[in-house]
Every structure is written in structure tokens, then in C-alpha cells.
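What follows is a single structure, written as C-alpha cells, with notes after it.
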Amino acid sequence: MDSVNDDKPRIILNEFKIAQNIPTRATVLDQTFHIKTFKENLRIVVVRLDNLEMEFDLIGIHPFIANTFRRLMLSDVPSMAIEKVHIYNNTSIIQDEVLAHRLGLIPLKADARLFNTHVPDSEENEQDSLEFELKIKCTRIKDDNKDSSRIDDIYKNHSVYSKHIKWLPKGSQAENFKETDVGPVYDDILIAKLRPGHELDLKLIAMKSIGRDHAKFSPVATAFYRLLPDIKLTREVEGEAAERLQGCFSPGVIGLRHLKDGRTVAAVNNSRYDSSSRNVFRYDDLKDAVVMTKIQDHFIFSVESVGGMAPDVIFVEAVKILKEKCMSLLDELEQS
Amino acid sequence: MPIAQLAGNDPSEEKSKTFVFHDEGHTLGNVLRCVISNYNDVEFCGYTVPHPAESKMHFRIQMRKGRAIDALRRGLTDLVKMCDYTIEKFNDELISFKAKQLNTDN
């Protein structure tokens with residue numbers, strides 16, 4: 001299949017090559033970028049949203065815009081993470097530097113928009129840092145219950161979790177933030193394992209930075225986009241072949257319809273969640289029944305937050321950052 | 001802070017210029033290139049990050065007529081407009097999505 005002759009910009013996934021659909025009229029991708037046409041064509045649809053994940057569609061834009069938004073979310077939106085660890089005592093078996101690195105990777109809930117970026121070589125202050133303390137000592141539980149071999153019955157504090165990290169408010173931070181607004185996102189992140197006599201005494205300092213500096217500052221676990229898959233059946237597929245066709249695609253993509261005359265035929269239910277594998281081309285009798293395409297100006301974004309910021313906020317922040325970058329550059333052009 | 005700097009060109013030549021952006025990379029370079037290369041009077045527009053270890057981006061504009069700096073200014077202004085509109089549209093959609101979700105939950 002070389003062209004499907006409709007008005008959408010598509011790529012057609014063939015067995016050995018990818019073909020470009022020749023649309024019947026000019027599409028967004030044929031037009032050069034212009035702010036007026038951009039406004040006319042842009043459509044945004046939120047598909048799924050909760051505290052951690054968001055899926056939304058950006059429709060009618062050029063790929064370079066989608067890619068910029070993705071890059072901004074990954075490496076330009078600031079967040080807080082533990083940057084400095086003062087180790088007063090560490091007698092556990094985990095080395096100081098490994099421990100410090102592990103602590104750095106713990107996602108923190110603290111709104112980075114309320115903080116300043118720390119100026120290197122200056123003293124930390126309440127505007128640019130958060131201070132935490134991790135003091136824990138493992139001891140043997142002296143108990144009559146000597147028979148037990150359960151670790152919880154023998155040792156106290158044998159596992160250090162992120163819930164043991166205690167926030168030490170600096171200056172007016174105690175008034176400005178609630179205890180619940182600051183600290184690790186999850187309570188059950190295992191940091192180290194201790195045995196009797198082992199002790200940790202650490203001071204942790206969290207700062208604001210961006211993902212380009214270190215991946216721990218990235219507010220997203222992943223942020224990616226893909227093109228909308230569109231699958232069409234060109235002829236009727238029935239019986240055993242229909243079931244085989246169903247198995248060639250991701251679950252839910254192809255459905256089976258039971259007709260009144262007793263036949264079972266395949267139909268496309270929802271091609272959105274297809275993984276675009278080309279399994280169907282393994283069967284010579286099926287490959288002419290399917291046209292697999294992708295819509296080239298329809299981007300499905302998936303944003304997974306690590307928990308510090310809601311995913312919708314991350315996207316808006318990302319766009320704002322691009323805007324601020326451009327504004328500050330414009331200012332500098334004016335001055336020069 | 002990123003600083004736009006003019007490098008190595010004859011200062012009297014306004015048509016073609018290379019701008020050096022500090023602390024910028026492909027994120028800004030590519031959008032700006034795509035936007036500016038669409039303008040009518042622009043003959044050539046390209047960017048490069050000369051070395052991955054240096055956070056510098058070189059941005060070249062060659063004009064058929066007019067000044068290169070005006071094209072850059074127009075490109076940045078267009079990007080600001082694009083961002084504004086995207087945020088506006090996204091927030092509208094978010095409000096209607098949340099309203100819809102509330103309706104289905106009840």
C-alpha cells in the first residue's frame with residue numbers, strides 16, 4: 001500500500017518499508033509554521049489524568065514543537081532533590097558516597113517554584129534549600145521471646161526507610177510550609193540495612209536544580225510522545241483467520257463480531273493503543289487485509305511524574321520555561 | 001543566564017549573523033531554527049552545538065533582505081505567542097476534562 005488517499009498526513013507501515021501517504025489536500029505539515037495557522041490548527045485533548053500520570057493529545061502541530069515540549073519536561077523543569085549530605089557518622093556497611101547517591105535519588109515533595117536556585121559557593125539559606133536529618137541506630141531487642149528468628153523481633157531499626165528522614169525547618173520555613181508539604185514523596189523507600197551497633201547520623205540538604213544538571217532533578221520519570229496509530233481493514237476476515245488477526249495486535253485493538261448468520265468477523269475496535277508491531281505480516285493470507293498507518297500530526301503525550309509535582313503542572317511549567325527563555329533573550333537583544 | 005552574543009562577523013554586515021547563546025542547546029536551537037527558517041526573507045537558518053561539553057549554541061541567520069537580528073527577534077516573539085496560546089488552550093481543556101471527570105464520578 002503506497003497511499004490511502006484521504007486528507008490526513010500519514011505514514012503507512014508496510015512489510016519492508018514505510019510509505020508516505022499523499023494527502024488529498026494540504027495538511028498542517030505541508031504548511032510552514034505560522035503563528036496564525038498554529039492557533040487555528042492546535043487541538044489539545046486530555047485523555048487520562050491522575051496525581052502521577054497524564055496522557056494527552058496534541059493535535060495539528062509540527063513535530064519540532066512536540067519534541068521541544070518533551071525535552072523541556074525532561075530536562076528544564078526544576079525540582080528539589082538532596083544535593084549535599086553531611087556525614088557525621090556512618091558505621092553501616094554501605095559506603096558514604098553510595099549512601100549519599102541513594103539519598104539524592106529520593107523524590108521529594110516540595111514545590112520548587114517557591115525556591116530560588118542556590119548560588120554556588122554561597123551559604124545555604126531558607127530561600128534556596130531544605131534541611132533534613134537522618135539519625136538512626138540499630139539495636140538488639142532484649143526480649144524473652146528468644147525463640148523467634150524474625151528479624152523484626154531481634155533487631156530494632158534494622159532497615160532505614162525514607163520515613164526516617166526528618167525535616168528541620170530553617171528560619172521562617174516552619175510558618176510557610178506544613179510538615180506534610182515537605183519530605184520524601186514515599187515513606188517506604190529502603191535506604192540502608194543496619195545491624196546492631198550500626199549507626200547513621202546525617203544532615204541532608206536539598207536544593208533546586210534542573211534535569212540537565214543531574215537526572216535526579218528531573219520532575220518526570222518519563223515523558224514521551226508517539227504518533228496516533230490508525231489501523232484499517234480492507235476486507236472481511238472471518239473465522240480462525242479473524243482470531244489470528246486479533247492475536248497480531250495489542251489487546252483491545254481488534255474485536256470479534258458475531259454476525260447473525262453465525263460467522264465471526266474481525267473489526268477494528270480501538271487502534272489507539274496498538275504497539276505497531278508488524279506481526280500481521282507473518283501471515284501471507286492476512287497481510288493484504290490490513291493497512292497500518294500513523295497520523296503524523298497527532299501526538300500522544302505520556303507524562304509520568306515522580307511525585308513531586310502533578311503531571312499537568314509539569315507540562316504547563318515546561319511551556320512557561322520556554323516562554324521565559326524567549327522573553328529574557330528578547331530583553332537582552334533590546335539592551336544590546 | 002543565557003546571553004546572546006554576536007561572534008566573528010563583520011559588524012557592518014547586518015544581513016548575515018551568527019549569534020552565540022550561552023547555556024542553551026538543542027531544546028531552544030531546534031524550535032527557533034524551525035520557526036525562523038519559515039520566514040520569507042530568510043535565505044538560510046541553522047544552528048549547531050559545537051561541543052557537547054560546552055553549553056553553547058551557535059545560531060546562524062542569513063537574510064535575502066533585512067537584518068538578521070530582526071528575524072531572530074520575530075522568531076522569539078512568535079515562540080512567546082505560541083507558548084501563551086498553548087498554555088491557554090491546555091488550561092481550558094484541563095478545566096473541561098476535570099468537569100467531565102467530576103460528572104462521571106458522581
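Worth pointing out:
- Highest-fluctuation residue, B:Y47, B:Y85, B:Y39 considered, GNM on chain B with Cα pairs under 10 Å: B:Y85
- GNM result for chain B, Cα springs below 10 Å: residue of B:N91, B:N40, B:N30 fluctuating most strongly: B:N91
- Cross-link pairs exceeding 19 Å in C-alpha to C-alpha distance, out of A:K135/A:K163; A:K137/A:K163; A:K323/B:K98; A:K109/A:K325; A:K323/B:K81; A:K135/A:K156, comprise A:K323/B:K98; A:K109/A:K325.
- Square roots of five times the Cα gyration tensor eigenvalues for the protein assembly as shown, Å: 46, 38, 19
- Long-range amide H partners of A:V77 with built H, under 5 Å: A:G211
- Positive-pole candidate from B:T27, B:N38, B:G66, dipole of segment B:3-103, charges at beta carbon: B:N38
- Within 10 Å of the Cβ of each residue in B:22-29, the mean number of Cβ atoms contributed by other protein chains is 4.
- Stokes-Einstein diffusion of segment A:80-218 at 4 °C, 1.567 mPa s viscosity, Kirkwood radius from Cα pairs, rounded to a whole number: 80 µm²/s.
- Angle between chain B longest axis and helix B:68-105 axis [Cα atoms, degrees, rounded to 10]: 10 degrees
- Peptide A:32-38, shielding by other chains (average Cβ, 10 Å cutoff): 5
- What separates the Cα centres of segment A:280-334 and segment B:22-97 is a distance of 17 Å.
- Using alpha-carbon coordinates, inclination of helix B:26-36 to the longest axis of chain B, degrees: 80 degrees
- Summarising the overall dimensions of segment B:26-83 from its C-alpha atoms, the Rg and Dmax are 11.6, 35 angstrom.
- Translational diffusion coefficient (Stokes-Einstein; Kirkwood radius from C-alpha pairs) of chain B at 37 °C, 0.692 mPa s, in µm²/s: 208 µm²/s
- Ascending count of other beta-carbon atoms within 10 Å, so fewest first, for B:T27, B:T48: B:T48, B:T27
- When only alpha carbons are used to place a centre, segment A:32-92 and segment A:117-188 end up 30 Å from one another.
- Theoretical ellipticity at 222 nm over chain A - DSSP helices of four or more residues, -39500 (n - 2.57) apiece, nearest 500: -6000 deg cm²/dmol
- Using the Cβ-Cβ distance between B:R67 and A:A26 with R0 set to 25 Å, the FRET efficiency works out to roughly 0.20.
- Note on B:Y85 and A:T37: the model spin-label points, each 7 Å out from Cα along the C-beta direction, lie 1.2 nm apart.
- Chain A: most fluctuating residue of A:R150, A:R235, A:R70 per GNM, C-alpha cutoff 10 Å: A:R150
- Summed residue charge, Cβ within 10 Å of B:K56's Cβ, Lys/Arg positive, Asp/Glu negative: -3
- Between 0 and 90°, nearest 10: helix A:63-75 axis offset from chain A longest Cα axis: 20 degrees
Laboratory data are not the source of any read-out in this text; all were calculated from the coordinates shown. Note that the structure is a prediction, hence the values are computed from the model and not measured. Cβ coordinates were reconstructed from backbone atoms using ideal geometry, including for glycine residues, and neighbour counts include every protein chain displayed.
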